[in-house]
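If you scroll down you'll find the structure; I have some questions about it.
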Amino acid sequence: MTTVDPLPDTLAYDLHVLVARLDSAADRILRVAHRTTYRRFLALLAVRDLAPATQRAVAERLDVSEPSASRMVAILAAEHLVSVAPDPGGGNRRRLTLTDRGGELAAACAASLEGRLGALLSRAGVPYRAYAGQTRTLVHALDTGP
């Protein structure tokens, strides 16, 4: 009788496990250190990176529905982290920008997560610069097509 390892021994599987664990850890870190969630942090980054952003663009960046993005924007606006104004181009679009408070929170959260990831890489003996370069290369490859 042969024993079968119940977990697939593949890079794809390991990568999914890693990302899921990093996401969970990021959420715990941000809840404790900054009283926010990882999802809210990602929304703040989307608004920052797309500035000036629209709800539709944020929804696309986060790969969520527009109603989900609308709910998130409402929460961020209520917390004075995001400013919402009519889009100068008209229509139903709304222009989103980070408030000073939102920018400070996004920067503080990014610094916390970056520091923790740097410590993890160091503990694992993985060179930070090499890992960052490889990760950017993979992200770019995904952005440029199949």
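The values are calculated or read from the model by the stated rules, or taken from the named source; none is laboratory data. What you see is a predicted model, and the numbers here were worked out from it, not measured in a lab. All Cβ positions, glycine included, derive from the backbone under ideal geometry; neighbour counts span all protein chains shown.
When LEU44 is evaluated against the numbered criteria (1) farther than 21 Å from THR135 by Cα; (2) in contact with a Cys (Cβ under 9 Å, 6 or more places away or on another chain); (3) free of Cβ contacts under 8 Å to residues at least 60 places away in the same chain, which criterion, by number, is the only one it fails?
Unmet condition: (3).
Ok, one more. Can you tell me how many residues within segment 87-146 are in a loop (DSSP other than H, G, I, E, B) and at pLDDT below 95? It would help to see each step written out before you state the result.
Of segment 87-146, the ones in a loop (DSSP other than H, G, I, E, B) are 87-93, 99, 125-127, 144-146.
In the following step, the residues that additionally are at pLDDT below 95 were identified as 87-93, 144-146.
The number of residues fulfilling the criteria is 10.
Report every pair of residues separated by at least 6 positions or lying on different chains whose Cβ atoms are under 8 Å apart, first residue within segment 120-140 and over 14 Å from LEU22 (Cβ atoms), second of a type outside the set (Phe, Trp, Tyr) and assigned to a helix (DSSP H, G or I).
PRO127/LEU121; TYR128/GLY118; TYR128/LEU121; TYR128/SER122
Got a sec? Which helices (runs of 4 or more DSSP H) wholly within segment 1-86 have at least 1 residues that are among the β-branched types (Val, Ile, Thr) and farther than 20 Å from ASP143 by Cβ?
Per the criteria, 11-34, 66-78.
Now for a different question. Under 21 Å from LEU30 (Cα atoms), surrounded by 10 or more Cβ atoms within 10 Å (Cβ to Cβ) and of a type outside the set (D, E, K, R), is that true of LEU138?
The answer is no for LEU138.
Would you check if ASP27 is of a type in the set (Asp, Glu), surrounded by 13 or more Cβ atoms within 10 Å (Cβ to Cβ) and over 28 Å from ARG116 (Cα atoms)?
no
Another one. Which one is surrounded by the fewest Cβ atoms within 10 Å (Cβ to Cβ) among residues in segment 78-88 that are touching a strand residue (DSSP E or B) at 6+ places or on another chain (Cβ under 9 Å) and of a type outside the set (Asp, Glu)?
PRO88
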